[in-house]
Structure formats: structure tokens, C-alpha cells
Amino acid sequence: MVAHPDRVMIFDTTLRDGEQSPGCSMTRPEKLRVARALAELGVDVIEAGFPAASRGDFEAVEAVAREVQGPIICGLARCNPDDIELVARAVADAQHKRIHVFLATSAIHRQYKLNMAQDEILRLAATGVARARELCEDVEFSPEDASRTEIEFLAQVVETAIAAGATTVNIPDTVGYTVPDEFAELFRYLRKNVRGIENIRLSVHCHDDLGMAVANSLTAVVAGARQIECTINGIGERAGNCSLEEVVMALKTRSAFFNLHTNIQTNRLYPTSRLLSSITGQPIPRNKAVVGENAFAHESGIHQHGMLKHHSTYEILRPEDVGLQRSHLVLGKHSGRHAFRDRVKALGFELDELEFNRVFEEFKALADKKKELFDGDIEALVLRAEGSAHGPWTLAELATEARTGGTARAIVRLAHADGRLAECTATGDGPVDAAFKALEAATGIQVVLRKFEVQAVSEGEDAQGEARVYVEYNQRTYRGASVSTNIVESAARAFLEVINRIELSQAGARSQKERATAATAVTSA
């Protein structure tokens with residue numbers, strides 16, 4: 001019998017099937033970074049690659065096997081001796097190792113790809129698994145395109161693989177063709193009609209061509225599968241694979257239904273997802289389940305009102321469970337008064353009803369022009385600022401100097417509304433970095449730069465460039481923007497706009513506090 005029948009093993013194939021996705025190829029050092037992250041995540045099996053595909057793939061599997069401890073390290077092989085022996089060599093140094101052999105079984109593949117009869121498929125499956133078992137105690141067999149294989153023949157193939165020594169049998173929906181009810185029936189048929197199936201672990205491997213990879217995988221688990229093959233961010237051939245983060249959080253969130261668990265450290269899901277995205281250069285869609293930017297963001301006024309009362313009104317997952325700090329109430333044109341009032345209070349402002357109504361109307365007008373409003377925008381509204389924050393600092397002069405291979409230098413001269421003048425010099429990695437540091441030194445305000453963007457707003461050699469900066473200061477987000485034909489000047493003015501917003505907000509907060517103190521004194525008197 002399979003040990004731990006209440007646990008679902010997570011077989012990650014990001015480095016093999018995932019890497020086969022166009023644009024997602026990785027170097028050996030990048031594969032090692034991902035493999036280490038997967039080990040920290042707690043996956044049970046890492047399919048590190050297909051050693052027969054290339055010398056580089058062999059060496060990558062070998063490196064992962066040698067350097068990554070904890071999970072089973074697996075390599076993929078066709079049902080031929082050369083492939084199988086290459087995998088055995090590649091995973092030889094692994095603490096725990098597995099050879100995964102596959103052979104296409106559907107009528108379509110037999111006719112058009114292999115040109116083989118059923119009896120030849122059975123023979124190859126038996127000899128391939130047997131050879132793998134001679135080299136490794138842990139052997140997985142996959143009948144490729146199982147979901148489109150005649151069900152009686154599929155049962156024969158699975159039974160043959162078990163008799164030859166397979167310890168795990170995977171049932172792939174290779175082209176994402178099946179649907180949940182049909183897939184569940186296939187698993188029930190195999191469990192009822194295949195001798196020895198109770199002694200091995202059943203696995204499932206689904207693709208997302210019709211958008212059902214996660215649903216089909218979960219259905220297979222209900223029907224008896226105890227291993228799910230999946231990838232981070234769902235990357236993979238064509239439309240991708242079953243998404244690891246989605247299927248894991250489904251099992252965790254609906255544990256009362258499934259009565260199953262995994263060994264995944266779910267608070268590592270978000271950072272692992274972001275690591276893979278940065279390595280492959282493949283952005284994560286905003287609306288991606290579990291790890292997308294909008295997964296814990298709320299803009300609708302009705303939803304925000306509910307969230308302010310209790311998170312469970314509109315969130316079935318907690319952001320902390322996947323590695324995020326908090327949910328985000330996005331202030332935009334759909335936001336209501338409750339969310340806006342809550343954000344104003346969080347920023348340290350107390351408004352009477354008349355002031356609040358005025359600012360809320362200005363907020364709505366601005367929200368019609370902008371997709372998202374940041375804390376700095378809200379503070380500017382509260383302080384009766386219109387558009388960008390003007391003053392108290394103005395840029396009187398900016399001079400920069402940069403040479404190839406050398407350190408850049410910037411000099412800034414600023415004038416303050418109270419009559420002060422400030423001049424500072426700073427060095428940096430480039431003229432923009434040097435200018436930012438000089439502005440911080442001159443104003444005495446140190447911020448954390450989160451994002452810096454530049455884009456052309458017109459055409460030609462004299463095109464204007466818009467610089468945008470996003471910074472964090474005292475756990476609040478500020479945004480500044482400026483347009484100029486001089487990119488460095490544009491960046492400096494955008495950065496100074498942020499500093500002005502911060503200084504204005506500090507002044508406003510002090511004024512609010514002084515008024516509150518005065519009111520308290522009058523009441524006491």
C-alpha cells in the first residue's frame with residue numbers, strides 16, 4: 001500500500017516541462033537557483049530536466065542532483081536504454097533519486113509519431129521500466145497522451161509497467177483534452193481493473209490547453225491520485241501546466257473537502273513565483289490566481305467596505321499564507337467613501353464632514369483620470385494641493401558629470417519657500433543615481449526607491465521623456481513624475497516632487513496635531 005494515503009506529493013517539473021515553454025529556457029546557474037528555491041518551498045520531487053535532450057541539460061540535472069538536498073531529484077527518459085542510462089548517471093549523486101520513463105500510448109501517437117502496434121508498445125514499456133528499475137529503486141512510468149488512449153489498452157499498459165517494477169504511474173493529460181468527470185472516471189476504471197495498482201502511487205500531469213489543468217488535477221486526486229505534477233506559475237508547453245501555487249492552495253483552503261495535505265511551505269509561494277518570473281523574464285498576469293498582483297487587491301467600493309469589516313467577506317485566502325504581508329485596497333474610480341476615509345485616517349489626517357466631502361469629490365475627479373491613486377496623491381488632495389505637489393523646494397540648478405567606466409557626479413542647488421538655500425554634491429552609479437543622492441542630502445529626506453521608469457512622450461531626436469519614480473517612506477508609497485527633453489533633469493524633478501509631497505504631508509500632520517492639541521486644551525479649560 002502507498003504510505004501516507006492522506007498526503008499528496010508535489011512533483012515539480014518547472015525545470016523540465018516548464019523550461020520547454022517558449023522563452024523560458026534557463027542556464028545551469030539559474031536552474032540551480034530555482035531548484036534551491038523549490039527545495040525551500042518543500043516540493044517532494046524536482047524533475048530537473050531531460051538529460052538526453054542536450055549536454056547542457058545533462059549537466060544541469062547532474063548539478064541539481066549533486067548540490068540540492070531534500071527532495072527526490074528526477075530525470076526524464078524515453079523508453080530506450082541510452083536515455084535511461086543517461087538519467088541514471090545524471091542523478092547518481094542525488095540524496096534521493098528517481099528515473100522517469102515515458103512512452104506514447106494513444107492511437108494518434110502510435111500511428112503518426114511512433115508507427116508502432118499495441119504489442120510493441122507493451123514490450124517497450126516493460127523493457128524500459130525493467131531497465132530503469134535495475135539502475136534505480138524509484139521508477140516512474142508515464143503513458144504519454146493517456147487521456148486520449150483507449151481505456152482498455154491504457155489499463156494493459158499500466159499493468160505491464162507495474163509488473164516490470166514501476167513504483168509510481170503517472171496518468172498525463174498531455175494535450176489538455178480531458179474534462180473533470182471524464183478524467184475521474186478514467187482513474188476509477190484503472191483502480192478497479194489494473195492488478196497491483198494498490199501497491200504503487202498514482203500520479204497526474206495535466207496541461208492547460210482548455211483552462212482545466214488545475215480542475216482536472218484536483219479531480220484526479222479525489223479519484224485516487226496521490227501525486228500532482230505541476231510547475232511554478234503554471235509555465236509549460238503551449239498553454240502551460242497545472243499551476244503549483246493554485247493546486248496547493250486549493251488543497252489547503254478546501255482541506256475540509258479534500259481531507260488531504262501537502263508538505264509545501266505555502267508562505268514561500270509568492271517569493272518563489274517572483275524568482276522564476278525574474279529569471280525567465282515572463283511577467284505574471286495581474287489577475288493570476290494566488291500570486292498575481294490583483295489576487296489580494298480590492299477596488300470596488302462594496303468589496304472594500306466588506307474587507308474593512310472582515311477579510312473573510314471577500315478573501316478566502318490570507319495574503320500571509322502565500323508570503324505577502326497584507327491585502328491592498330486599491331483606490332480608484334470604483335472605490336467608495338469607506339475605503340477612502342480609512343486610507344485618509346491611516347495617513348494621519350482627521351477631516352470634519354465638510355472637508356471630507358470636498359476631498360472625496362476631488363478624489364473621484366482625479367480617479368477618473370488615473371488608474372490608481374497612491375498615498376502621495378491622497379495626501380496632496382487632503383492638503384488642498386492640485387495635481388503635482390509644488391514646493392516647498394524648487395530646483396534652482398542641476399549639473400551632472402559622467403564618464404564611461406567612472407563614477408558619476410551631481411551638484412544640485414535648491415531654494416525653499418521659507419527662504420533657505422541648499423547646495424549639495426553627491427556621486428553615484430550614474431547621473432540619475434547621483435542626482436537622487438544629492439537631492440536627499442540637500443533636503444534631509446531619505447527614501448527607498450522602489451521603481452524608476454522613463455518613457456518617451458513624443459517622437460524625434462528632441463522627444464520629451466517622462467520620468468516616474470515610486471518610493472517608500474515611513475511605510476507609505478509616493479509617486480512623482482516630470483517631463484523634460486533632458487532625462488536626468490526629468491528624473492531629478494520627479495524625485496524632488498516626491499520629496500515635496502513628503503515634506504508637505506509632514507507639515508500637514510503637524511498642523512493637524514497642533515489643532516487637536518489646541519482643541520483639547522480649550523475643552524479642558
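The values are calculated or read from the model by the stated rules, or taken from the named source; none is laboratory data. Given the structure is predicted, the values throughout are model-derived calculations rather than measurements. Neighbour counts run over all protein chains shown; Cβ positions are idealised from the backbone, glycine included.
Confirm whether Glu237 is assigned to a helix (DSSP H, G or I) and over 16 Å from Pro143 (Cβ atoms). When the stated conditions are applied, Glu237 does not pass them. Give me the pairs: first residue in region 253-275 and without any contact (Cβ under 8 Å) to a residue 12 or more places away in the chain, second residue among the aromatic types (Phe, Trp, Tyr), beta-carbon distance under 7 Å, and six or more apart or on different chains, which are they? Between residues of region 253-275 that are without any contact (Cβ under 8 Å) to a residue 12 or more places away in the chain and residues that are among the aromatic types (Phe, Trp, Tyr), there is no close pair. None of Glu40, Glu47 is assigned by TED's automatic domain parsing to the domain that holds Asp17, farther than 16 Å from Arg16 by Cα, touching a residue at least 60 places away in the same chain (Cβ under 8 Å) and among the acidic types (Asp, Glu) except Glu40. Residues in region 422-445 that are part of a helix (DSSP H, G or I) and either touching a Ser or Thr at 6+ places or on another chain (Cβ under 9 Å) or closer than 16 Å to Gly391 by Cα (or both): Pro431, Val432, Asp433, Ala434, Ala435, Lys437, Ala438, Leu439, Glu440, Ala441, Ala442, Thr443.
What about Glu150, is it modelled with pLDDT under 95 and not β-branched (Val, Ile, Thr)? It is false that Glu150 is modelled with pLDDT under 95 and not β-branched (Val, Ile, Thr).
For Glu472, the requirement of being among the charged types (D, E, K, R), part of a helix (DSSP H, G or I), under 17 Å from Ile378 (Cα atoms) and in contact (Cβ under 8 Å) with a residue 12 or more places away in the chain is not met. When the residues of region 311-341 are narrowed to those that are within 16 Å of Thr266 (Cα to Cα) and assigned to a loop (DSSP other than H, G, I, E, B), which ends up modelled with the lowest pLDDT? Checked region 311-341; the qualifying residue modelled with the lowest pLDDT is Arg326.
In this entry, Asp17 passes the filter for residues that are modelled with pLDDT under 95 and in a helix (DSSP H, G or I).
Considering region 25-73, the residues that are hydrophobic (A, V, I, L, M, F, W, C) and part of a strand (DSSP E or B) include one that is nearest to the chain's Cα centre (by Cα), namely Ile46. Looking across Arg195, Arg238, one residue alone is surrounded by fewer than 20 Cβ atoms within 10 Å (Cβ to Cβ) and modelled with pLDDT under 95. It is Arg238.
Going by the structure shown, is Glu159 farther than 24 Å from Ile10 by Cα and not aliphatic (A, V, I, L, M)? For Glu159, the condition - farther than 24 Å from Ile10 by Cα and not aliphatic (A, V, I, L, M) - is not met. Considering Ile171, Ile197, the condition of being β-branched (Val, Ile, Thr) and within 21 Å of Leu76 (Cβ to Cβ) is satisfied by Ile171 alone. When Ile228, Ile151, Ile171, Ile197 are checked against the criterion of being among the aliphatic types (A, V, I, L, M) and touching a residue at least 60 places away in the same chain (Cβ under 8 Å), Ile228 stands alone in meeting it.
Scanning region 107-119 for any residue that is touching a residue at least 12 places away in the same chain (Cβ under 8 Å) and part of a loop (DSSP other than H, G, I, E, B) turns up nothing.
Residue count for region 476-525 under the criterion of being among the charged types (D, E, K, R) and either touching a helix residue (DSSP H, G or I) at 6+ places or on another chain (Cβ under 9 Å) or at pLDDT 85 or above (or both): the result is 7. Looking across region 375-401 at every residue that is outside any strand (DSSP E or B) and surrounded by fewer than 19 Cβ atoms within 10 Å (Cβ to Cβ), the one that is modelled with the highest pLDDT is identified as Pro392. Checked against the criterion of being in a loop (DSSP other than H, G, I, E, B) and surrounded by 18 or more Cβ atoms within 10 Å (Cβ to Cβ), the candidates Val169, Val175, Val214, Val129 yield just one match: Val175.
Among Arg78, Arg89, which is the only one that is basic (Lys, Arg), under 14 Å from Leu135 (Cα atoms) and in the same structural domain as Thr13 (by TED's automatic domain parsing)?
The match here is Arg89.
Report yes if Arg268 is among the charged types (D, E, K, R), under 15 Å from Val34 (Cβ atoms) and out of contact with any strand residue (DSSP E or B) (no Cβ under 6 Å at 6 or more places or on another chain), otherwise no.
For Arg268, the condition - among the charged types (D, E, K, R), under 15 Å from Val34 (Cβ atoms) and out of contact with any strand residue (DSSP E or B) (no Cβ under 6 Å at 6 or more places or on another chain) - is met.
Of the residues making up region 134-143, none is assigned by TED's automatic domain parsing to the domain that holds Leu86, crowded, with 19+ Cβ neighbours inside 10 Å, within 36 Å of the chain's Cα centre (by Cα) and without any contact (Cβ under 8 Å) to a residue 40 or more places away in the chain. Looking only at residues in region 483-495 that are crowded, with 21+ Cβ neighbours inside 10 Å and free of Cβ contacts under 8 Å to residues at least 60 places away in the same chain, the one that is nearest to Ile378 (Cα to Cα) is Ala494.
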